[in-house]
Each structure stands twice: as structure tokens, then as C-alpha cells.
Amino acid sequence: QPAASLLPHHRHTRPATRRATTSSLQQPALVLLALVMTMEIKVLSFPADSPPLLVIAAAKLAGITIPTETSGSAPTFSFSNGSKLQGTYVLLRYIGRVGNFYGQNAYEAGEIDEWLDYTPVFSSGSEFENACTYVDKYLERRTFVVGHSLSIVDIAIWSALAGTGQRWDSLRKSKKYQNLVRWFNSLSAEYSDSLDEVTATYVSNRGLGKPTAAKSKEQQGVKGDVSEKGKAGSRPSFEVDLPDAEIGKVRLRFAPEPSGYLHIGHSKAALLNQYFAQRYQGQLIVRFDDTNPAKESNEFVDNLLKDIETLGIKYETVTYTSDYFPDLMEMAENLIRQGKAYVDDTPREQMQKERMDGIESKCRNNSIEENMKLWKEMIAGSERGLECCLRGKLDMQDPNKSLRDPVYYRCNPIPHHRIGSKYKVYPTYDFACPFVDAKEGITHALRSSEYHDRNAQYYRIQEDLGVRKVHIYEFSRLNMVYTLLSKRKLLWFVQNGKVDGWDDPRFPTVQGIVRRGLLVEALIQFILEQGASKNLNLMEWDKLWTINKKIIDPVCPRHTAVIEDRRVLLTLTDGPDKPFVRIIPRHKKYEGAGEKATTYTKRIWIDHADAQLISANEEITLMDWGNAIVKEISRDQDGNVTQLSGFLHLEGSVKNTKLKLTWLPETNELVNLTLVGFDYLITKKKLEEGEDFLDVLNPCTRFETAAIGDSNMRNLKRGEILQLERKGYFRCDVPFTRSSKPVVLFAIPDGRQQAVFK
């Protein structure tokens, strides 16, 4: 599996089973605690529906007792001196160090860190059984995951399995994962006193949930001074429950507005919805919230569906908010008649100011008859109606400004992309969403935490409409450095010709980043690793591209290119007088990449930058050929190398050469290439509130470099990913059609360095 590339690939013989009791495990921890601890952990706090099982289990096994309490933030250790540590895996590493569960030496500690990068995959619904398969095979000849003693990796994986409740219990009864079950049962029996207590408190048949009342507070204490720095939620996972969710009865919706293409932020929402639908064996629908005809189009609908398919989202059906316009109109009229809504003709800017200041509109106390009269003017789209909007009559004094008489309907004479000019009034998202969620039987509405202040409004509207209450589950919005996710701002780039379209490789849209060379598997893994955390986070692109590299590197074919500018001929005096061809693998470690034909000639091309590094009489290695000794170097008046000559020294050792160089034969079969690198569209990591993105535009974001490539690149297909050896990873955007038209390759970031063509 792709995720398995994160793991170490060593094999040990299986050690003898080691018996250890909890008390024997405590002894080294207590020695360490006595030596170094100067602060006490006052409390472990965590969300009620998301107990950090692996941290609690690790503390139990280490003999460290910690008081616990529930809170709305990420798992946190609060120390007696006021210091705090946050994040599940940060806390686990802390316990690992003070409890002596971090390996017996530095090498084992490194292995543990590799495994801890991998273990969150168990929390991915779609990847759970793939992870079980991998670890089952890995444990074939092992008693513990790392080394010959219990470590926090064993605890993390054990907790991930136990935390799924009935799902893992069912798999244990099968014979599918015999090694994994043996290992799990061995730990469960070995440390039953501690682990049984943890599972009894925090795990139900359906998985992790709220702790039982009897166990939620424990009078315990521990001291410590070992610290582990990390961001809140830096290693979140899906160890959470939806409130009041029942297996088989959960119905969720992914509800994009068809006003742009799906971007990386939307992807998080889509994948979270799918995760919970699968976890609770429920349903997921796709609904287009098409309430603003000025911004929406069928093009966006079609491409959103394409992007949803690209992400592998499985849904029951597609619906549209516009399907419910008649119902919403009826509901609006009912609210007017009940005195719960009124028509307001206050100018928009004045209305906004009055809402901020808590000032009631002059129209707020109009009669029902006057409101109905103006409502009909709005429906007709008359000149008078266009001056009005429909507002809910909630509470203009509420500290939560979203409850200060929000707008429910506005006039808009622009035809709707689905239903044409039938309506002149359209509901706002805030009014339509609570009703349609209830109408469609949605049990849980997943919303990003930026809408937190509107949750009270959502519930109030449902109450006024007399419809069933829908649970809201919040998650943090995914923000990326140097990236704009506002569809309005992205549209500006499209309309002003700053990019080639919504699928431009510089865009954070799914189509854009896939076109740049990101595999969907990497995107899914990246997003699922963020989990359902409610903590706001600003993520680095480097992490995403690093995951991508780990997936593509083991399988993508290798090719060779030489930069066109000032490329240098190396003449091998004893080289072949007649060119010959060898068939070699496109990837030396992956047979599935196929083969390629490499031509060997007397004169070969090398990069000018490489030629500048060569000294006279230096032995170099020509990759996929052997060693050569350069005897003569010709330079121009500026000192630039223009020509080289030398002879082959194939019996020479590649271990003794400093320069290992790529090269191309001098033939007319070489392929013209355009290598394209990209930079961020803005020059600032994060825009401050109110800051204009136009002030931080990056003036140059696309870089092209001419090159020549090996003849095998004539066979590249659009979308194929390859590595140009010593230059980086690329995706073929324009394949070979004729010699005069270059093959276009987009540079794929690898998480470590900028493309060399910038």
C-alpha cells in the first residue's frame, strides 16, 4: 500500500516472548521520574467525545496516574507551573520518554518516530484494513513492533485497534489477520490490569466515546520536566464520535456552492463526510447550494461532480437547494404571517451598521399586511420589490450578531442556471440550509469552525420553522500557506488572465494540484492526517508534497534531460564508432515501470552546470554507463566550458568518483522539452484580516526552461509522472506530437526544495 512506504523495511528474527508485569514496567519509569521530574501534571484535558486512548493507555502502563477532565480543545497536559503541552502524539511522546517506552537506543527511537508517522492511517476508514494487512505481515516474526520490548508504537497501534470497538472485535474473530491478532491478544493478556480498565472506561461497541461517569475523574498525580514542543492538534486523528449517532441511521451531506471548482479546503469537508458516513454505515448525499444565480453555473456543477469523483467520494444521490424553492417560499410566508419575519427596505450599508450597533430597523414593527404586500412586490421583482429584503425577527440585542435579524430572502433578477427566470427572489444560504438539512433527513451537518457563531442562528431558524433539529459537528477549516481559498479571489485570477483557468497548476483546486502532479492518494492521506480537529491550522504545502513523493518515488519511471542553454559536448575518444542500444529498466527497483532504450555514442551531451564542475584529468561517472576520465577542457573568454574530451574507464569504481553525471547521446532522436516550474501566487504566508490580496501579488509565478530529453520520452502520456534523474519529479502536461513542438513537463515539488528551473 502507498502508505507503507513510510515504514522501515528491516526484518528481525522473532525474539523469545518476554513476560513483563505492569510493576516491572513501572520501575525504570519511576527511576527516571525521581531523577528529572520537577513539575506535576495537574490534569489531562480532552474533548468528551474524543478521549486520547493511546495517551491514557501509555500513562497507565507506565504507572503514571493523571487526573482527567473534559474540554473543547485538543488533548492537553496542564502542569503545575502553568506550562502546557497539546496534541495527542505530543503527549504520547512525552509519556514515552518519562515512562521509558521510547526504545532502548537512538536507532530504535528513530524507528519509533517512523512508525508514529504511520499509525494515524488506522483512523482512516477507507485505509483501516490496508493498514491491518501491512502490519499483520510485518509482525509475522515479531513480538513487538520495534525492538524487543514494549514501546509507544505498540501502545498506539493497540489503542487504534481497540478504539474501533465492534469493528476490530469482528476482525479478531476472523482468521484474516492472524499475526496482528496474536500480537494484540498478547499485549491484552500481558498488561490486562491496565488495558482492561482503559477500554472499560473509554471504549464501547461502536468505538471511542465519552468516558463513563465513574471514571471521568481520577485523583492521581505525577511529576515531570521532560518537554515535547508541538502545535495543538499537530497529530490529530479521527478518534471522535458524532453526537447521538447510531449505526445505520446517520445521513450526511456535502453541500458545495456551484460558484467555483473544488479546492483543497472543500476536499477536507468532503472526505470528513465520507469518513463518518462509512464509519456509521450511513448515507452521504451531495447537495448543491444553488441560492445565488449571480455566481453559479452548470460549468461549476459539472466540474464539482468531476472533482468529487476524483476524490473517490461515494454518495447516494445529488440534490439541489433549488429543488426546495417552493417549500422555502411557503416557509417564508408562514414566518411573515406568524410575525417572525418582516420585509425591510433599509439600504444595505445602513442595515449592516444597524446590525453591528444593535439598532432595530424602522420596518421591524410593520404590520403583517404591509409585510405581505411588500413580499409580493419582491416576488414580482418590481422596482419597489427590488429595494427590499426579507429579514427574520430574532433578537437585535443578542451579543451574537448572527441573531440580529438576519436576511432570509433577497431579490435577484438574474436567471438561475437550472430553473431560468421563474423566480425573482432567492433565499440566503443561512435561511435555506437549516430547512433543507431537516427536509432531507440529514442527521449531522458538518461545518467548518469559521461558522461557529452562526450555529445559534441555524438552530433558531429550525426552531422557528418547526422542523427537526439537526446536529452540527464542527471541524477546522484547512488553510495553506501562501494560498487563497476564497472563490471570489480565485475568480479574479481567472477573469484577469493571471492563470490559465480553474485547473491551473498554481491554483489550490483539486484539478489544479492534480495537474501539477499531486496524486489523489497523497491528498487524501494528508487531509485524513489532519483529522476532525476543531483547532485552526495553517498548513505547509511541503508536508503534502512530501507525502506525494513517498508515493510516487518507488514507482515512477526514470528519464534523462539536459538543459538546452549552453549544453556541452563530451567527446569520448575511445567511445563507440557506431552507436549501439541497450534495453534497461525505467526504474531499477520497480519492474512495473517497464523498460527503455538507451543509446551509447562517441559524443554525448551533458549539462553546462555539470561541465563547470569538472577538472582536467578528473575521473567521473556517467550514469548507466560507467566511468570516464576527462583530459581536455575548452572554455570561452568568460570561462564557460564549451567542449570536453576524454576516454572511457569502465573498469573504474563508481565509489571513487565525486561527480555522477547524467548525459544524453548525440543523436537526432532526442526530444525537445519545456520544463515548467511554479511559484506561489502571493508573497505572504497568511493575509491579515482586512488585508488586500492585490497588495501581495507575486509578479512572476511561472518559469520555463528549454531542455532536451531521451528518445523514450516520445512515449509519455498526458498525466504520466516521471523523474528526470538529478533534476526532480515531473508530470507530463503536453505529450509528444511532433519534433517541432516540445513536450511540456510540470515540475512537482518534493517537499524539500524548489525546482531547479525557477
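Compactness of segment 323-431 is given as radius of gyration and Dmax, 13.5, 40 Å, from Cα positions.
Extending 7 Å from the Cα toward the beta-carbon at both residue 702 and residue 740 defines two label points whose distance is 2.2 nm. Each peptide in 309-321, 738-750 was scored by the mean count of other Cβ atoms within 10 Å over its residues; highest first, the order is 738-750, 309-321. From most to least packed by mean Cβ count within 10 Å, the peptides 609-615, 287-293, 178-184 give 287-293, 178-184, 609-615.
Taken along the Cα-to-beta-carbon direction at a fixed 7 Å, the label points for residue 636 and residue 148 span 6.6 nm. Once C-alpha pairs closer than 8 Å and six or more residues apart are averaged by separation and normalised to the residue number of segment 671-748, the relative contact order reads 38 percent. Candidate cross-link partners of residue 376 among the aspartates and glutamates, defined by an alpha-carbon separation under 14 Å and a same-chain spacing of 8 or more, comprise 330, 333, 344, 345, 387. Rolled with a 1.4 Å probe across the full set of protein chains, the surface gives residue 688 an accessible area near 110 Å². For segment 59-66, 3J(HN,Hα) computed residue by residue from phi via the Karplus equation (6.51, -1.76, 1.60; θ = phi - 60°) reads 5, 4, 5, 7, x, 9, 9, 9 Hz, glycine and proline entered as x. For helix 128-138, what angle does its Cα long axis make with the longest principal axis of the chain, in degrees from 0 to 90 and rounded to 10? With rounding to tens, the tilt is 30 degrees. Extension gain, residue 309-residue 364: 0.36 nm per intervening residue step, less the Cα-Cα distance, totals 15.1 nm.
Among 478-484, 97-103, sorting by the average number of other beta carbon atoms lying within 10 angstrom of each residue, highest first, gives 97-103, 478-484. If the Kirkwood radius is taken over C-alpha pairs of segment 671-748, then at 20 °C and 1.002 mPa s the Stokes-Einstein diffusion coefficient equals 151 µm²/s.
Here residue 741 is the anchor, and the lysines within straight C-alpha reach of less than 18 Å, apart from those fewer than 8 places off in the same chain, are 717.
For the residue pairs 84/549; 268/489; 176/249; 543/727; 176/314; 362/469, alpha carbon separations beyond 23 Å are given by 84/549; 176/249; 176/314; 362/469. For segment 474-574, GluC sites (Glu not before Pro) are listed when DSSP marks them as loop and at most 14 other Cβ atoms sit within 10 Å of their Cβ; the list is 540.
Computed from backbone phi, the HN-Hα couplings of segment 348-355 come to 4, 5, 5, 4, 4, 5, 5, 5 Hz, rounded to whole numbers (Karplus: 6.51 cos²θ - 1.76 cosθ + 1.60, θ = phi - 60°; Gly and Pro given as x).
Of the solvent-accessible surface of the chain, computed with a 1.4 Å probe over protein heavy atoms with every protein chain present, carbon and sulfur atoms account for 48 percent. With a Förster radius of 41 Å applied to the C-beta separation of residue 566 and residue 718, the computed FRET efficiency comes to 0.85. The modelled label-to-label distance for the pair residue 166/residue 455, using points 7 Å beyond Cα in the direction of Cβ, is 2.7 nm. Among residues other than residue 259 with Cβ under 13 Å from its Cβ, the summed charge is -1 (Lys and Arg +1, Asp and Glu -1). Taking the DSSP beta bridges with both ends in segment 671-748, the antiparallel portion is around 80 percent. Dipole of the chain (Lys/Arg Cβ +1, Asp/Glu Cβ -1, origin at the Cα centre): which of 615, 744, 414 lies farthest to the positive side? Of the listed residues, the answer is 615. Between residue 251 and 283, 443, 444, the built amide H atoms are under 5 Å apart, and every one of these is 5 or more places off in sequence or on another chain.
Heavy-atom accessible surface of the chain, averaged per residue, reaches 44 Å², computed with a 1.4 Å probe. Compared with the dominant Cα axis of the chain, that is its longest principal axis, helix 325-337 is turned about 40°.
The values are calculated or read from the model by the stated rules, or taken from the named source; none is laboratory data. Values in this document were obtained by computation on a predicted structure and should not be read as measured data. Heads up, the Cβs are rebuilt from the backbone with ideal geometry, glycines too, and the neighbour counts pull from every protein chain shown. When the accessible area is computed, the model is the full protein with side chains, heavy atoms only, and any ligands, DNA or RNA have been set aside. Shrake-Rupley method; radii C 1.70, N 1.55, O 1.52, S 1.80 Å.
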